[in-house]
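A.B. asks: Please find one structure pasted underneath; my questions will follow.
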Amino acid sequence: MQCSPNRAVVEDGCMPLEDDCCDILKKARTGLGLSAGDASRRAGLSDGVIAALERGEQARDRAELLALANALGLRGEPLAQIAIDKWEPLAQRQPDWIETVHGSIGGYDVQGYIVHDEGEALLIDTAYNAPVMVEVLNKRNLRLVGICLTHGHADHAEGIDRILTYREVPVYLGPDDIDLLNWKPRAELLIVPADGCAITVGRRRVHCLTTPGHTPGGICYRIDDPKQPVCFVGDTLFAGSIGRSNPSHLYATHLDSVRKRLFALPLNYRLLPGHGPATTVAEELEHNSFVTVE
C-alpha cells in the first residue's frame, strides 16, 4: 500500500525499505572516502561491478556482494539478504498511543509521529506536513505539550512555525542542528535537551538519546513502555541500513551512535524511522549490514 501525503496514517508495513543495495553501498563507500575504483580494487572486482550495483542494477552474484561488503566494512550476508533475498522487517501493530503522520517533500515520503496520553500530545518531527499534525491534534482533542525534532533537516522540521502558531510549546533540538533550521523559533521556546533527559507527556516519559552522525546534532527519543517499548530514530537508522552521514566525515561517529546506542537497547525495542518501515533492535542485529557490535 502506498502511503499518501497530507494524510494521517496508523497502518504499519505500508512501505518498502528506504534503502536498497545501491544506497547501502554508496553510503559505506562515501563514508570511508573511497572512489568506486578504490572499493572495487579492495574487493578484487572489476571497476564495473560496483558502478553497476550503485546504478541500481539487480545483484545476482552473492560472492561478489560478500567480497564488496568485506571491502567496505559491511556484513555481507545481511547485504545479500536485502539485495537478493528481498528481506523486509516483520510488520507489527503500532501502539495505540502513537499515530503516524505521512507527508511528502518533492515526492519523497517522510513520516513523523504523535505520542499521546491522557489528552496530551508530543510531536516527533513534523513529517513536512504541519496541517495534518494540527488536524490530528484537533480531531483527537489533544493538548500539544512539545515538539521533538530528531534533526534539523527540512523534511523533519519544516512547519514548526505553523504548529507554534497553533500552540506555543517547547521545541527540542540538538544544538549543532539549530543552524539547519529554515525558520527558528524564539530563543525561549528552543530547548537543547541533555542526553538522558526526560520529557513528560501525560503519564509517559520520553527520554532523549543523543545520536550524532546523520547530522551533527541528531537525537533519538526513547519510550520505555513495559509492553511496547519504542525509539523514534529519525534518519539515524533505517530498516536494514542507516541514514546518510551528513557531512560524510561524521560516518564513524554515525556508526558509533547506531552500534553503541541504538543497538544497546533491549532486543524488543521497536525502532520508528523518518523514512521506510518500522523495525526492531533484534531484526537489525540480524539484518543490518552496518552492524558490528564490539
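The values are calculated or read from the model by the stated rules, or taken from the named source; none is laboratory data. For clarity, every value in this text was computed on a predicted model and none was experimentally measured. Cβ placement follows ideal geometry from the backbone for every residue including glycine, while neighbour counts extend to all protein chains displayed. Protein only, heavy atoms only, side chains kept; ligands, DNA and RNA dropped before computing areas. Shrake-Rupley method; radii C 1.70, N 1.55, O 1.52, S 1.80 Å.
A.B. asks: Using packing as a proxy for protection, rank 34-47, 224-237 so that the peptide with the highest average count of other Cβ atoms within 10 Å comes first.
C.D. replies: Values: 34-47: 16.1, 224-237: 21.0.
Going by the mean number of other Cβ atoms within 10 Å, highest first, we get 224-237, 34-47.
A.B. asks: State, in angstrom, two size descriptors of the chain derived from its alpha carbons: Rg to one decimal place and Dmax to the nearest whole number.
C.D. replies: Cα radius of gyration and Dmax of the chain are 19.0, 60 Å respectively.
A.B. asks: Using a 1.4 angstrom probe on heavy atoms only, work out the carbon and sulfur share of the accessible area of the stretch 158-294 in %.
C.D. replies: About 51 percent, which is the carbon plus sulfur part of the accessible surface.
A.B. asks: To continue, here is another question. Kindly give Rg over Rh for the stretch 113-202, based on alpha-carbon atoms, with the Kirkwood expression for the hydrodynamic radius.
C.D. replies: 0.93
A.B. asks: Moving on to the next point. Using the Karplus curve 6.51 cos²θ - 1.76 cosθ + 1.60 with θ = phi - 60°, work out ³J(HN,Hα) for each residue of the stretch 161-166 in order, rounded to whole Hz, and write x for Gly and Pro.
C.D. replies: Taking θ as phi minus 60°, the curve returns 4, 5, 5, 6, 5, 5 Hz for the stretch 161-166.
A.B. asks: Pull up the DSSP beta bridges for the chain and report the antiparallel fraction as a percent, rounded to 5.
C.D. replies: Given both bridge residues lie in the chain, the antiparallel proportion sits at roughly 70 percent.
A.B. asks: Using Cα centres only, tell me the gap between the stretch 262-294 and the stretch 23-97 in whole Å.
C.D. replies: After rounding, the separation between the Cα centres reads 17 Å.
A.B. asks: Using +1 at the Cβ of each Lys and Arg and -1 at the Cβ of each Asp and Glu in the chain, identify which of 15, 194, 214 lies farthest towards the dipole's positive end.
C.D. replies: 194
A.B. asks: Per residue, how many Å² of accessible area does the chain show with a 1.4 Å probe?
C.D. replies: 42
A.B. asks: I would also like to ask the following. Equivalent-ellipsoid semi-axes (√(5λ), Cα gyration tensor) for the stretch 192-294, whole Å, largest first?
C.D. replies: 21, 17, 11
A.B. asks: While we're here: Cα to Cα, under 23 Å, and not fewer than 8 places away if on the same chain: which lysines meet these conditions relative to residue 26?
C.D. replies: 86, 260
A.B. asks: Considering only protein heavy atoms, with the full assembly of protein chains and a 1.4 angstrom probe, order 197, 148 by accessible area, largest first.
C.D. replies: These residues rank, largest area first, as 197, 148.
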